[in-house]
Amino acid sequence: MSGVEVACPGLCHKFAFQRMADKRAPVILWFRRDLRLSDNPALQWALASGRAIVPVHIHDDALEDRPLGAASRWWLHGSLESLARDLSGRGSRLILKSGPAAGALVELAAQTGAGALAFNRLYDPGAAEREALVADMLPDLEIERRAAGWLAEPGSVLTGQGAPYRVFTPFAKAMQATLRLPPLSEAPSNLPAPPYWPDSELLDGWGLRPRSPDWSTGFIGEPGEAGVREQLAAFLADGLAAYPVARDAPGDEAGTSRLSPRLRFGEIAPWRALAAARAVAERRPGLSVAASKFAAELAWRDFAAHLLFHFPTMAGANMRPAFDDMEWRDDPAGLAAWKTGMTGYPIVDAGMRQLWETGWMHNRVRMIVASFLVKDLLIDWRVGEAWFWDCLVDADPASNTMNWQWAAGTGVDAAPYFRVFNPTLQGERFDANGAYVRRWVPELAALPDRWIHRPADAPPAVRDAADLVLGRDYPLPIVDHAQARTRALEAWRRLK
């Protein structure tokens, strides 16, 4: 059975008989990317069953289509700590197991005499097969699968011809036309406990967080469900009004919700976020446009999951096969400068430094730095996607890939390849006063606004007044944007 060994066949047969006789045998509640107690459909089913509940999280890299990146592992550790505290405060426990999930669940079922397994579905490539394996290895258990991660389950929104949508706007319209938000459910005050608890591993033993040196000290946010309501409420109260404009202004700290890692690990249900935004718009009609913009971002996340479900090779293959012959460059020096924020283009460098220090990057800047890598440097988008996967606390299997293919022009509904962001103009447009660059590229802080995004063009007297020596304090541009743009367009024309 896919190499999974079960060490307790005798126990399994013994408890299978007991389960058939006892319909109130415990429910194993399997947490994965749904690390919350409110709005959790699998938990609601387990509670409604009236049975004791055994919550478990299994650390098994094979459960994911690809192992988590380092920053995501950091967030997962904190989220599991928070979930364990929340369960403890309700008379329950979070059981931690590692190893192949199917084998761990079989062993846990034998130890607890469980009669059912409840979990919320995933839709990544291979997820259905992995879940089917678990069900096959637990034939005597009632298996309950629910949906908890998206506004619309991947695969449920199709064209009139039954085909998947490949363009966002018609997808969003079709989803909106049929969308019915489930009722909100609050976290229970207590969870019924089993007669005895099985052994649990220690979270610290999994090595999810860095030890020495600890490069995560500047990471954003406090993982876990505990603070997510307050974070959402603060955004809706203070940031929603400016959201249509501020979401493109990286220097505006309140301009985005920063819910992405919480949605990625399921600390909040997307329908709660949408319902909250709609409620604000109902009370304050002037915010209806802003609420719609926020809703569109949630739909964009659904669109990514929809595409990965229908096109599982999207994670590593160009969705436009013509780009399989693209003449990508091997440029180790350019890649290193991009990763470390030393390209000589301030908005790019600010973004890459923010990513490294905080595990997060503003969405507008994500587009700018991605365009710079794949078009100015002509480096394969998959190289940048892998770096983001390792460095982002919100690295999502579907969104990360789709957004990189969008930036590279290789995916569906993509920005055309001939659309090449000018990083200097992008900086001047979206960070006009230089607040974002000054924060993350402090060596440029003394430059006047006029020159903050083009230090190489600043007159010598201006650079002298700012005590800035290019090539010593800050690098000269590693490429000439105009020449790099021409090179990228020529590569695209040869591809055609």
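The values are calculated or read from the model by the stated rules, or taken from the named source; none is laboratory data. As the structure is a prediction and not an experimental result, all values here were calculated from the model. Here the Cβ is made from the backbone with ideal geometry for all residues, glycine too, and neighbour counts use every protein chain on show.
Points worth noting:
- Residue check, E443 in contact with a His (Cβ under 8 Å, 6 or more places away or on another chain), buried (at least 16 other Cβ atoms within 10 Å of the Cβ) and among the acidic types (D, E): no
- Residues of the range 205-243 satisfying the condition of being exposed (fewer than 14 other Cβ atoms within 10 Å of the Cβ) and of a type in the set (D, E): D214, E222, E230, D238
- The selection criterion, being closer than 13 Å to P41 by Cβ and not aromatic (F, W, Y), holds for P182.
- Test result for A71, within 28 Å of W360 (Cβ to Cβ), touching a residue at least 60 places away in the same chain (Cβ under 8 Å) and in contact with an Asp or Glu (Cβ under 8 Å, 6 or more places away or on another chain): yes
- Positions within the range 110-131 being farther than 24 Å from R66 by Cα and among the small types (G, A, S), in sequence order: A110, G113, A114, G115, A116
- The one condition in (1) surrounded by 20 or more Cβ atoms within 10 Å (Cβ to Cβ); (2) closer than 21 Å to R180 by Cα; (3) within 14 Å of the chain's Cα centre (by Cα) that A277 fails to fulfil: (3)
- Of all residues in the range 472-488, those satisfying the criterion of being part of a helix (DSSP H, G or I) and surrounded by fewer than 14 Cβ atoms within 10 Å (Cβ to Cβ) are A482, Q483, T486.
- Any hit, the range 203-217, residues being within 14 Å of L43 (Cβ to Cβ) and part of a loop (DSSP other than H, G, I, E, B): no
- Taking the criterion of being modelled with pLDDT of 95 or more and either assigned to a helix (DSSP H, G or I) or on the phi > 0 side of the Ramachandran plot (or both), the residues of the range 218-227 that qualify are G224, E225.
- Residue within the range 345-354 that is surrounded by fewer than 22 Cβ atoms within 10 Å (Cβ to Cβ), without any contact (Cβ under 8 Å) to a residue 60 or more places away in the chain, closer than 22 Å to V393 by Cβ and not aromatic (F, W, Y) present: no
- You will find that of G115, G103, G160, the residue that is surrounded by 20 or more Cβ atoms within 10 Å (Cβ to Cβ), more than 26 Å from S79 (Cβ to Cβ) and more than 21 Å from the chain's Cα centre (by Cα) is G115 and no other.
- From the options V437, V469, residue that is assigned by TED's automatic domain parsing to the domain that holds R364 and surrounded by 15 or more Cβ atoms within 10 Å (Cβ to Cβ): V437
- Residue check: N400 meets all listed conditions (1) surrounded by 19 or more Cβ atoms within 10 Å (Cβ to Cβ); (2) in contact (Cβ under 8 Å) with a residue 40 or more places away in the chain; (3) under 29 Å from D34 (Cβ atoms) but one, namely (2).
- Residue ID - nearest to the chain's Cα centre (by Cα), chosen from residues in the range 204-239 that are of a type in the set (S, T, N, Q) and over 16 Å from D39 (Cβ atoms): S216
- Residues that are touching a strand residue (DSSP E or B) at 6+ places or on another chain (Cβ under 7 Å) and β-branched (V, I, T) within the range 464-482 are absent altogether.
- Checked against the criterion of being more than 22 Å from L444 (Cα to Cα) and in contact (Cβ under 8 Å) with a residue 60 or more places away in the chain, the candidates V412, V365 yield just one match: V412.
- Positions within the range 109-139 being charged (D, E, K, R) and touching a residue at least 60 places away in the same chain (Cβ under 8 Å), in sequence order: D124, R130, D136
- All conditions in (1) surrounded by fewer than 20 Cβ atoms within 10 Å (Cβ to Cβ); (2) modelled with pLDDT of 95 or more hold for L263, with the sole exception of (1).
- Sole residue being within 19 Å of the chain's Cα centre (by Cα) and within 23 Å of A246 (Cα to Cα), chosen from W387, W356, W381: W356
- Of all the criteria given as (1) more than 20 Å from P125 (Cβ to Cβ); (2) part of a loop (DSSP other than H, G, I, E, B); (3) touching a residue at least 60 places away in the same chain (Cβ under 8 Å); (4) not hydroxyl-bearing (S, T, Y), the one not satisfied by P261 is (2).
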